[in-house]
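Following: one structure in structure tokens, then a few remarks.
The values are calculated or read from the model by the stated rules, or taken from the named source; none is laboratory data. What you are looking at is a predicted structure, and each value in this text was computed from that prediction instead of being measured. Please note: Cβ atoms are built from the backbone with ideal geometry, for glycine as well, and neighbour counts cover all protein chains shown.
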Amino acid sequence: MTINKYDIEIKNAEKEIADFFGFQIENIEIIIAENRAEYEKLLGRKTAEWEVGNSNLNKKIIFLLDPEQWTKEAPSHKPEEFPLLVRHELVHIYTNHLSKGKPIPMWLFEGLAGAISEQYKKVNIQYFETDFCSKLDTPFNWNQRTNSGAYPVAYLFTHYLFNKYGIKKIKELIQLTPAYYSYNGFDKIVFNILGKNLSELEKDFLENLE
Ligand SMILES: [Zn+2]
């Protein structure tokens, strides 16, 4: 762990996420980039304005853009949400550990991070596509919708599942995910564990929205 000015926030987040999952992953490295140019250098690519956190899942390294720069370099984020971002990225590392690197659908991967970090509380959304789990599953599908509600839908839906079925079932879902992702293959696992398939769960979720 690199010592830095956000050490207390990071330690709190690490403890909270470890407690939540019921085990602790050691040696997660967190690197804070001073500005976007440095952040892009660390990631080795250009980034969109909304990107402020990223993880190298296998190496267990989290890259964050210093929240002091957010007002200028990431105006869609509020600097006080930094602790939520740390939790979000930690959840990704824990999820990847649980799945043993097997691919899980993007809506669940991102949704879990947003549900556990409580980022779902900050979202506001009015449009839901029909069968959205089939449109937010692969990285290709997901990337086409990051500007049109992918994160908020994933956060809210996963929060719903998590609230209704509990962390134990969600952990099972991640652990029993097949070695190769396909919508139907994953849907079968969902049915086996939660007793309903994805389209039924989407319907339940929409009926329960406030
Ligand atoms: Zn994420």
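The rows are residues; the columns are (1) in the same structural domain as residue 144 (by TED's automatic domain parsing); (2) buried (at least 17 other Cβ atoms within 10 Å of the Cβ); (3) not in a helix (DSSP H, G or I).
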residue	(1), (2), (3)
11	no, no, no
18	no, no, no
41	no, no, no
46	no, no, yes
64	no, yes, yes
69	no, yes, no
75	no, no, yes
82	no, yes, no
90	no, yes, no
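Being more than 17 Å from the chain's Cα centre (by Cα), away from the ligand (no atom under 16 Å from the Cβ), closer than 23 Å to residue 95 by Cβ and at pLDDT 95 or above is not true of residue 27.
Does residue 141 fit the bill of being under 23 Å from residue 47 (Cα atoms), free of Cβ contacts under 8 Å to residues at least 40 places away in the same chain and part of a helix (DSSP H, G or I)?
Criteria met by residue 141.
Just so you know, in region 94-105 the residues that are more than 17 Å from residue 188 (Cα to Cα) and surrounded by 15 or more Cβ atoms within 10 Å (Cβ to Cβ) include one that is nearest to the ligand (Cβ to nearest atom), and it is 95. Applying the criterion of being more than 21 Å from residue 97 (Cα to Cα) and of a type in the set (A, V, I, L, M, F, W, C) to the residues of region 168-210, the residue that is modelled with the lowest pLDDT is 209. Here residue 104 meets each of (1) in a helix (DSSP H, G or I); (2) under 13 Å from the mean Cα position of the chain (by Cα); (3) β-branched (Val, Ile, Thr) with one exception, condition (1).
When residue 61 is tested against (1) within 24 Å of residue 169 (Cα to Cα); (2) β-branched (Val, Ile, Thr); (3) touching a strand residue (DSSP E or B) at 6+ places or on another chain (Cβ under 6 Å), just one condition goes unmet, and that condition is (1). Considering region 144-176 alone, what residues qualify as being in a loop (DSSP other than H, G, I, E, B) and more than 30 Å from residue 48 (Cα to Cα)? The one that is in a loop (DSSP other than H, G, I, E, B) and more than 30 Å from residue 48 (Cα to Cα): 176.
For residue 112, the criteria (1) of a type outside the set (Ser, Thr, Tyr); (2) more than 14 Å from the ligand (Cβ to nearest atom); (3) touching a residue at least 24 places away in the same chain (Cβ under 8 Å) hold in every case but one, which is (2). Scanning region 113-138 for residues that are crowded, with 16+ Cβ neighbours inside 10 Å and in a helix (DSSP H, G or I) yields 113, 114, 115, 116, 119, 120, 132, 133, 134, 135.
Do you know which of the residues in region 139-169 that are of a type in the set (Ser, Thr, Tyr) and touching a helix residue (DSSP H, G or I) at 6+ places or on another chain (Cβ under 9 Å) is surrounded by the most Cβ atoms within 10 Å (Cβ to Cβ)? In this case the residue turns out to be 155. On the given criteria, is residue 148 more than 20 Å from residue 168 (Cβ to Cβ) and more than 15 Å from the ligand (Cβ to nearest atom)? Judged against the criteria, residue 148 is a match. Against the conditions (1) surrounded by fewer than 19 Cβ atoms within 10 Å (Cβ to Cβ); (2) modelled with pLDDT under 95, residue 37 satisfies every one except (2).
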